[in-house]
Amino acid sequence: MCGYLAVTYPAALHLLRNNPAIFSKDPAHWQALRLGHVPLDSPALMMMQPRDNALWKDGPAHTRLRRAITNAVTQVDTHKLAASVIQIADQLIDAFSHTGQADLVAQYSDPLPMLAVIGMFGCSQDEGRNIVSLVTRLFDGSDPEQANRDLEAACLQLTRAKRDAPGRDVASHLIEADLTDEEMVQTIILVIGAAAPPTSNLIGNGIRRVLTDPSFAGSVHDGVRPVSDALDEVLWDNPPVPNYSPLYAIGPQSYEGVLLPPGEPILVSFAAANSDPALAVDPSARAGNKGHLAFSAGAHACPAPDLARLIAETALGRLLDRLPDVDLAVPSAELHNRPGTFLAGLTALPVRFQPEARLIPHGR
Ligand code: HEM
């Protein structure tokens with residue numbers, strides 16, 4: 001099994017901007033997959049195999065499904081979303097704030113975006129809890145086929161409920177685009193799967209940045225450097241999705257002398273492109289600079305970067321408001337990324353703080 005990785009900023013843009021004219025997103029082009037050469041337990045399979053949703057389609061089929069998604073996410077009420085993130089953040093912090101210690105990955109950055117996204121879909125609490133546990137089962141890899149079937153059934157139930165009683169939520173707005181039940185199910189799974197893990201990584205790595213980078217130490221709390229600066233820096237030099245967007249050359253192609261045969265996947269390294277020496281973006285000029293590729297570019301660029309930033313910024317800000325003396329409980333060198341090519345998330349983020357630092361009483 002073989003493939004290519006685009007590591008310079010121009011190469012990344014060349015690939016992303018020439019989809020679908022020269023490079024296709026459709027994994028039907030993946031020769032090793034067609035020939036059955038990709039091992040069933042390959043981690044690449046879960047992230048690169050064809051699914052019937054916008055992420056893997058080109059041209060008009062992609063445009064139609066993507067329009068449904070952008071129509072739905074642009075109608076999200078950002079004030080309500082921020083309020084819901086604060087409520088979720090408070091519930092999560094309330095669960096550990098009396099202990100003086102926490103693992104902010106397991107107890108904060110991992111669950112928070114999933115709960116926020118489920119809320120955007122207008123699920124009841126039970127539906128939401130069920131979908132969260134099924135997505136977790138799917139990502140855990142324990143009996144993924146059964147988890148996938150159960151998740152599809154839960155998303156179909158949500159679709160039917162929203163067809164009967166539409167609201168002002170992402171699921172109801174997707175229905176407005178005349179998607180079939182099957183398209184609804186796959187689109188709900190795509191949006192939840194595309195939204196939650198990267199936003200978790202951005203929050204986790206954002207907290208780490210604030211707690212370990214001397215340029216933030218002591219200054220975020222007094223407002224000298226806003227948390228949004230920390231997030232910008234993470235999006236540049238530790239993007240939540242470091243390598244992805246598999247593309248396939250349509251016919252033999254070459255780029256700067258490198259032959260790109262059809263049938264072999266070409267991944268885009270957003271992490272490498274962002275740190276391309278030829279870019280000459282001074283690290284001190286990264287805050288506020290949106291020229292990074294963390295949200296990709298071209299036809300499949302992330303349709304919701306502003307929502308992602310809003311969730312992450314609100315979550316990070318609330319944590320620092322609630323636990324102003326929060327600090328790492330282990331040396332920074334003991335923090336590690338989860339294994340894997342596609343996502344950059346920490347395994348754990350142990351912190352400590354004064355247990356009485358809870359500024360806001362329970363039950364607000
Ligand atoms: C920090 C958080 C996020 C990051 C770093 C991120 C990054 C990305 C990237 C790199 C892609 C391109 C994938 C590819 O071409 O294969 C993408 C696509 C996508 N993202 Fe995001 N994303 C984030 C949050 C979100 C959120 C909050 C939502 C929805 C509420 C979302 C929905 C999607 C969807 C639906 C696509 C597929 C678009 C298409 O194929 O046309 N993402 N995202």
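Numbers for the structure displayed
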quantity	calculated
From the options SER97, SER42, residue that is at pLDDT below 95 and of a type in the set (S, T, N, Q)	SER42
Only one of ALA21, ALA28, ALA44 that is assigned to a helix (DSSP H, G or I) and away from the ligand (no atom under 15 Å from the Cβ)	ALA28
Neighbours by Cβ (under 6 Å, 6+ apart or cross-chain): first from the stretch 293-312, more than 12 Å from PHE270 (Cβ to Cβ); second near the ligand (Cβ under 6 Å from one of its atoms) and assigned to a loop (DSSP other than H, G, I, E, B)	PRO305/PHE295
Boolean, LEU247 is in contact (Cβ under 8 Å) with a residue 24 or more places away in the chain, not in a strand (DSSP E or B) and not basic (Lys, Arg)	no
Condition broken by ALA287, with the remaining ones in (1) out of contact with any Gly (no Cβ under 9 Å at 6 or more places or on another chain); (2) closer than 27 Å to PHE23 by Cβ satisfied	(2)
Qualifying position, being under 17 Å from the mean Cα position of the chain (by Cα), of a type in the set (Asp, Glu) and closer than 30 Å to TYR4 by Cβ, among ASP232, ASP282	ASP232
Positions within the stretch 69-86 being of a type in the set (S, T, N, Q) and in a helix (DSSP H, G or I), in sequence order	THR70, ASN71, THR74, THR78, SER84
Condition check for THR70: within 12 Å of the ligand (Cβ to nearest atom) and β-branched (Val, Ile, Thr)	yes
From ILE188, ILE207, residue being in contact (Cβ under 8 Å) with a residue 60 or more places away in the chain, crowded, with 24+ Cβ neighbours inside 10 Å, more than 9 Å from the ligand (Cβ to nearest atom) and farther than 30 Å from SER284 by Cα	ILE188
Answer from ALA333, ALA304, ALA329 - the residue that is loosely packed, with under 14 Cβ neighbours inside 10 Å, of a type in the set (A, V, I, L, M, F, W, C) and within 28 Å of ASP103 (Cα to Cα)	ALA333
Check on GLY100, more than 20 Å from the chain's Cα centre (by Cα), surrounded by fewer than 15 Cβ atoms within 10 Å (Cβ to Cβ) and of a type outside the set (A, V, I, L, M, F, W, C)	no
Check on ASP325, more than 12 Å from the ligand (Cβ to nearest atom), in contact with a helix residue (DSSP H, G or I) (Cβ under 7 Å, 6 or more places away or on another chain) and in contact (Cβ under 8 Å) with a residue 60 or more places away in the chain	no
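The values are calculated or read from the model by the stated rules, or taken from the named source; none is laboratory data. Quick caveat, the model's predicted, so the values are computed rather than measured. Note that each Cβ is placed from the backbone with ideal geometry, even for glycine, and that neighbours are counted across all protein chains shown.
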